[in-house]
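Below you'll find the structure, written out as structure tokens, and then a few comments.
The values are calculated or read from the model by the stated rules, or taken from the named source; none is laboratory data. Quick caveat: nothing in here was measured; it's all calculated off a predicted structure. Reconstructed Cβ throughout: ideal geometry from the backbone, glycine too, with neighbour counts over all protein chains shown.
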């Protein structure tokens, strides 16, 4: 994030040109995403302080729309664990040293056994994700 001083006049011209506002529909979302893409293509180091400020505002608007309209469905810890294995190209046997045994890994992945807090901490460390995903 830049510590440069924002020129109010230059920033005002940018705002007038882009006209960012709360996103109410997909066309507005697409328009602002395209604007972010245009700014990002230039590269962070080449942006003026005013463009950096605009990028921050647009990012906040887009994130809020995403949060409201593209909620991830809640998944059970064992389903999330299976997803992580698949996404990282790992096999259940890769979890044997983490969880203790082949049978324990099998029971957890099938949903027959819950993930304990201690196991959740080990899995979070192994996958470099928040522990809450496994609880």
Assuming residue 92 fulfils every condition listed in (1) surrounded by 12 or more Cβ atoms within 10 Å (Cβ to Cβ); (2) over 30 Å from residue 26 (Cα atoms); (3) modelled with pLDDT under 95 apart from one, which condition is it? (3)
Among 52, 5, the single one that is more than 30 Å from residue 105 (Cβ to Cβ) and surrounded by 13 or more Cβ atoms within 10 Å (Cβ to Cβ) is 52
Condition broken by residue 56, with the remaining ones in (1) touching a helix residue (DSSP H, G or I) at 6+ places or on another chain (Cβ under 9 Å); (2) over 21 Å from residue 123 (Cα atoms) satisfied: (1)
